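Worksheet: the structure to be examined is printed underneath.
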Amino acid sequence: MYTTLVSVEQLQQLQASDAPLMVFDCSFDLMKPEAGPQLYAAAHIPGAQYANLDSDLSAKHGLPGAHGDVVVAQEDGVPASGGRHPLPSREKFAAWLSSVGFSNDMQAVVYDRNGANYCGRLWWMLKWMGHDAVAVLDGGLQAWQAAGGEVTDREEPARFQSNFVQGEPLAKLVTTDTVLRRLGQADQQLIDARAGARYRGEVEPLDPIAGHIPGALNRPFAENLGPDGKFKPASQLRAEFEALLAGRDAATVVHQCGSGVSAVPNLLAMQIAGLGTTALYAGSWSEWSNTPGLPTRQGAEP
């Protein structure tokens, strides 16, 4: 069972073994949402199922409410978070997994062509559903192609519907209320995965307020990858996170970003580094900055 990363060679071995397996392509483009399905249609790993960040891995957007964009159609249930990419309810996500034929006995392998930014979301959500056998393809589609892996533009046949059963969460989800209540306390250390300029409030292309949540440390998610597009060695990741935390307890870390997506590579990197299972604030800055009266800060942390 693979639970964090899987190499191209390991994936090829899984495919050859006929083990219960489903591969997901999560490629996406925030600025051009229609590009993800187009990229998948043009070239994907044979047999891969497409997982769309907007329609499969997020609840529907609605009118801005007190805690971000959480007003959705009644049949979708209550989202599990607010923000620009609200998490769907666990029930709705389980229904989607069943609809694409994913079952509890399968190993999931997730990939994208975006530095593990979007596939990390599906990795985390499966953990949240109690499914431990999910791993990110290290290096993404680029590593697959560099190793001579086949890609196809064929339309994949539909699979028979399964009955995915959700289990106890293996991932930690925190809310705006929890983040606010613990702000400035020793039992919570926020890590913001956005680029430094957005974290410091020098630019803000998407949200109404620039800056960051007070006390948050900054680690842009791309810093987890080496020049080859693969995650850095576990020892290097551990040293970098320990330097960032500067003696703070890794168990108190809560990851966030703009909308709870690009925070996941940091969370995954800490797990690879042996620093344990840390928490995700899925609403992130998009929910925080749209909630009236919450404190914000610009510039670097003192």
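The numbers here are math on the coordinates, done by the rules we state, and not lab data. Since we're looking at a predicted model, the values are computed, not measured. Here Cβ is always computed from backbone atoms with ideal geometry, including for glycine, and neighbour counts include all displayed protein chains.
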key: Under 17 Å from the Gln298 label point (7 Å along Cα→beta-carbon), backbone N, region 166-202   = 196-202
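About the Cα centre of region 5-146, how large is the charge dipole given +1 on each Lys and Arg Cβ and -1 on each Asp and Glu Cβ? Please answer in debye to the nearest 20. Walk me through the numbers on the way to the answer.
On the way: 8 positive and 15 negative charges, 57 e Å.
With only Lys, Arg, Asp and Glu charged at Cβ, the dipole is about 280 debye.
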message = Taking every alpha carbon pair in region 103-222, what does the distance histogram look like in 5 angstrom bins from 0, in percent?
response = 2, 9, 12, 14, 17, 15, 12, 9, 6, 3, 0
task = Sum up the charges of everything whose Cβ sits under 14 Å from the Cβ of Ala43, counting Lys and Arg as +1 and Asp and Glu as -1, but leave Ala43 out.
result = -4
request  = Please give the length that would be gained between Glu240 and Ala186 if that part of the chain were fully extended, namely 0.36 nm times their separation in residues minus their C-alpha to C-alpha distance (nm, one decimal).
outcome  = 17.4 nm
In nm, spacing of pseudo-spin labels at Glu9 and Arg248 (7 Å Cα→C-beta vector) = 3.8
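If the only charges are +1 at each Lys and Arg Cβ and -1 at each Asp and Glu Cβ, what is the size of the charge dipole of region 172-288 around the Cα centre, to the nearest 20 debye? Present the calculation step by step, with values, prior to reporting the outcome.
Details: 11 positive and 12 negative charges, 38 e Å.
Dipole of region 172-288, to the nearest 20 debye: 180 debye.
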remark   = Residue span Arg154 to Asp105: 0.36 nm per residue of separation minus Cα-Cα distance leaves a gain in nm of 15.0 nm
request  = State the three equivalent ellipsoid semi-axes of region 172-288, derived from the C-alpha gyration tensor as the square roots of 5 times its eigenvalues, in descending order and whole Å.
outcome  = 21, 17, 12
Dipole in debye (nearest 20) - the chain, about Cα centre, beta carbon charges: Lys, Arg +1; Asp, Glu -1 = 640
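As a check on your grasp of the helix formula, calculate [θ] at 222 nm for the chain: sum -39500 (n - 2.57) over DSSP H runs of n ≥ 4, divide by the residue count, round to the nearest 500. Provide the component values of the computation, followed by the final result.
Values: 10 runs with 82 residues, N = 302.
One gets -7500 deg cm²/dmol as the mean residue ellipticity at 222 nm.
Give the residue list of chymotrypsin sites (Phe, Trp or Tyr not before Pro) in region 100-174 that are DSSP loop and have at most 12 other beta-carbon atoms within 10 angstrom.
Here the chymotrypsin sites (Phe, Trp or Tyr not before Pro) that fit, given the DSSP loop and packing criteria, are Phe160.
What ranking do Val264, Val179 get, fewest neighbouring Cβ atoms within 10 angstrom at the top?
Val179, Val264
Does region 81-148 come out rounded, prolate or oblate, given a ≥ b ≥ c as the square roots of the eigenvalues of its C-alpha gyration tensor, rounded meaning a/c under 1.5 and, failing that, prolate meaning a/b above b/c? Provide the component values of the computation, followed by the final result.
On the way: a/c = 2.45, a/b = 1.47, b/c = 1.67.
Because a/c hits 1.5 or more and a/b fails to exceed b/c, region 81-148 counts as oblate.
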note = Expressed in angstrom, Rg and Dmax over the Cα atoms of the chain are 18.6, 55
